[in-house]
Amino acid sequence: MHVFYADHFILPLPAGHRFPMAKYGRLRERLAAECPAVQLGQALPASDGELALVHDPAYIQAIQQGTLSPAAQREIGFPWSPAMAERARRSVGATIQACRTAIGGEGMAANIAGGTHHSYADKGSGFCVFNDAAVAARLMQAEHARQHRARGPLKVAIVDLDVHQGNGTARIFANDDSVFTLSLHGEKNFPFRKEAGDLDVELPDGTGDAAYLEALERALDELVHRFEPGLVIYLAGADPHEGDRLGRLKLTFDGLEARDRRVMDWAWQRRLPLAFAMAGGYGTDMEATVQVQMNTYRVALEYHARWMALARDGDRAAVTAA
Ligand SMILES: [Zn+2]
């Protein structure tokens, strides 16, 4: 399974900054050591044209040239630097490449970072500079339109299970029927002013595995009743975990693994290609965050193997038919 990374672009943060930047490198290291079926690839930067499918040109330029106001930098939560701009572009690039790989026949692929769902068209927020899932969704639609015009537009479902609402994503696609935004999140959590997505499920503090999984089941059912996706972008946030500093929910390792399996199985049953990004994770113990993410990859590898078997059987059927 192809997994794209950009964590070698180190974003310089002041000492004591609360963002756990080291988690990405640690996840990549563990994937390389423990999951031989993962093929790690360096992410390419998203271009201005790709970013402009979602973001205002003035905002793209301010990020590129470092002319963001101090207030805008504070809202993002990272100080601007050339590395910050480069990393933000590459994180979008990683989700683009994951989507393209998943659609291109592999069925599953991932971005080791990404899931920057608090980013709006014209501003960043909450550790999110550009909105990777939004840009990737629009770009996949454009590529699909060029290659398969006769099949009609590509519809994309963004399944956002980070514990925080995907407010930027919801706003970006507010008047766009070709992208469905689903978000399950803590009602008392950041962002305190939520946006209206296509389907928002607000969960109380302390929601545990059983209630969470029930809510997820209902949400996925409703999604397919209302929408026919051709691609799923899944934000597999680790921050609903009980050991998370910001999460406020009480999901266990097993509960989160069941969550991942539910989403991936739901997509597989419908043969929907799925690209996933890691989104948030702020464990009191960083290793716990990385463990949640490793479990996501282990489930994903099972479904990727099914896609590969399907491709092999398809090839065999084609040979027999000839
Ligand atoms: Zn989050």
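The values are calculated or read from the model by the stated rules, or taken from the named source; none is laboratory data. Since we're looking at a predicted model, the values are computed, not measured. In this analysis, Cβ positions are derived from the backbone assuming ideal geometry, glycine residues included, and neighbour counts consider all displayed protein chains.
State all residues of the stretch 281-293 that are of a type in the set (G, A, S) and either modelled with pLDDT under 95 or within 14 Å of the ligand (Cβ to nearest atom) (or both); if no residue qualifies, say none. Full working, then the answer.
Taking the stretch 281-293 and keeping what is of a type in the set (G, A, S), we get 281, 283, 288.
Residues satisfying the conditions are G281, G283.
May I ask you to say which residue of L249, L203, L213, L256 is in contact with a helix residue (DSSP H, G or I) (Cβ under 8 Å, 6 or more places away or on another chain), in contact (Cβ under 8 Å) with a residue 60 or more places away in the chain and of a type outside the set (G, A, S)? Explain how you work it out, then say what you get.
Working: L203 fails: in contact (Cβ under 8 Å) with a residue 60 or more places away in the chain; L213 fails: in contact (Cβ under 8 Å) with a residue 60 or more places away in the chain; L256 fails: in contact (Cβ under 8 Å) with a residue 60 or more places away in the chain.
Being in contact with a helix residue (DSSP H, G or I) (Cβ under 8 Å, 6 or more places away or on another chain), in contact (Cβ under 8 Å) with a residue 60 or more places away in the chain and of a type outside the set (G, A, S) holds for just one of L249, L203, L213, L256, which is L249.
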- Message: If a residue must be of a type in the set (A, V, I, L, M) and over 21 Å from D205 (Cβ atoms), how many such residues does the stretch 220-262 contain?
- Response: 7
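Residue by residue through the stretch 44-62, note down the ones that are assigned to a helix (DSSP H, G or I), loosely packed, with under 15 Cβ neighbours inside 10 Å and acidic (D, E). Break it down stepwise before answering.
We begin by selecting, within the stretch 44-62, every residue assigned to a helix (DSSP H, G or I); these are 48-51, 57-62.
From the residues that got through so far, the ones that are loosely packed, with under 15 Cβ neighbours inside 10 Å too are 48-49, 57-58, 61.
Answer for the stretch 44-62, where residues must be assigned to a helix (DSSP H, G or I), loosely packed, with under 15 Cβ neighbours inside 10 Å and acidic (D, E): just D48.
Is it the case that the stretch 70-87 has a residue that's part of a loop (DSSP other than H, G, I, E, B), of a type outside the set (S, T, Y), at pLDDT below 95 and more than 16 Å from the ligand (Cβ to nearest atom)? So that I can check it myself, show each step before the final result.
Within the stretch 70-87, the first condition is being part of a loop (DSSP other than H, G, I, E, B), and the residues that meet it are 77-81.
Narrowing further to those that are of a type outside the set (S, T, Y): 77-80.
When the remaining residues are screened for being at pLDDT below 95, the result is 77-80.
In the following step, the residues that additionally are more than 16 Å from the ligand (Cβ to nearest atom) were identified as 79-80.
Scanning the stretch 70-87 turns up at least one residue that is part of a loop (DSSP other than H, G, I, E, B), of a type outside the set (S, T, Y), at pLDDT below 95 and more than 16 Å from the ligand (Cβ to nearest atom).
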- Among the candidates G25, G77, G41, G93, residue that is free of Cβ contacts under 8 Å to residues at least 24 places away in the same chain and of a type outside the set (F, W, Y): G25
- What are the pairs, 6+ residues apart or on separate chains, where a residue within the stretch 225-242 that is free of Cβ contacts under 8 Å to residues at least 60 places away in the same chain has its Cβ under 8 Å from a residue that is assigned to a strand (DSSP E or B)? R226/F180; R226/L199; A238/D244; A238/G283; H241/L251; H241/G283; E242/L251
- Task: For A238, state whether it is within 15 Å of the chain's Cα centre (by Cα), buried (at least 24 other Cβ atoms within 10 Å of the Cβ), among the aliphatic types (A, V, I, L, M) and part of a strand (DSSP E or B).
- Result: no
- Note on the structure: Residue hits (the stretch 225-271; within 15 Å of the ligand (Cβ to nearest atom) and basic (K, R)) are R245, R248, R259
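Going by the structure shown, is A136 more than 16 Å from the ligand (Cβ to nearest atom), under 15 Å from F173 (Cβ atoms), surrounded by 24 or more Cβ atoms within 10 Å (Cβ to Cβ) and under 15 Å from the mean Cα position of the chain (by Cα)? Step through it out loud before you land on a result.
On the way: more than 16 Å from the ligand (Cβ to nearest atom): yes; under 15 Å from F173 (Cβ atoms): yes; surrounded by 24 or more Cβ atoms within 10 Å (Cβ to Cβ): yes; under 15 Å from the mean Cα position of the chain (by Cα): yes.
It is true that A136 is more than 16 Å from the ligand (Cβ to nearest atom), under 15 Å from F173 (Cβ atoms), surrounded by 24 or more Cβ atoms within 10 Å (Cβ to Cβ) and under 15 Å from the mean Cα position of the chain (by Cα).
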- Item | Residue satisfying condition, being at pLDDT below 95, away from the ligand (no atom under 16 Å from the Cβ) and not basic (K, R), within set A109, A102, A174, A150 | A150
- Any idea which residue in the stretch 113-130 is modelled with the lowest pLDDT, counting only those that are under 13 Å from the mean Cα position of the chain (by Cα) and within 18 Å of G281 (Cβ to Cβ)? A113
- Message: What's the number of the only condition in (1) within 26 Å of R100 (Cβ to Cβ); (2) among the aliphatic types (A, V, I, L, M); (3) in a helix (DSSP H, G or I); (4) at pLDDT 95 or above that L310 fails to meet?
- Response: (4)
- Item | Filter result (more than 21 Å from E228 (Cβ to Cβ) and either crowded, with 20+ Cβ neighbours inside 10 Å or away from the ligand (no atom under 14 Å from the Cβ) (or both)) within the stretch 188-202 | N189, R193, E195, A196, E202
- Query: Somewhere in the stretch 208-220, is a residue surrounded by 15 or more Cβ atoms within 10 Å (Cβ to Cβ), closer than 24 Å to A275 by Cβ, of a type in the set (D, E, K, R) and more than 15 Å from the ligand (Cβ to nearest atom)?
  - Reply: no
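To keep it simple, each residue is scored yes or no on (1) basic (K, R); (2) in contact with a Phe, Trp or Tyr (Cβ under 9 Å, 6 or more places away or on another chain).
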| position | (1), (2) |
| --- | --- |
| V179 | no, yes |
| F190 | no, no |
| L199 | no, yes |
| G230 | no, no |
| L235 | no, yes |
| R245 | yes, yes |
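When the stretch 149-169 is examined, which residues are found to be surrounded by fewer than 24 Cβ atoms within 10 Å (Cβ to Cβ) and of a type in the set (A, V, I, L, M)? Please lay out each step first, then the result.
Kept after step one, since they are surrounded by fewer than 24 Cβ atoms within 10 Å (Cβ to Cβ), are these residues of the stretch 149-169: 149-155.
Listed by number, the residues that qualify are A150, L154.
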- Message: Which numbered condition in (1) within 11 Å of the ligand (Cβ to nearest atom); (2) surrounded by fewer than 19 Cβ atoms within 10 Å (Cβ to Cβ) is the only one that M278 fails?
- Response: (2)
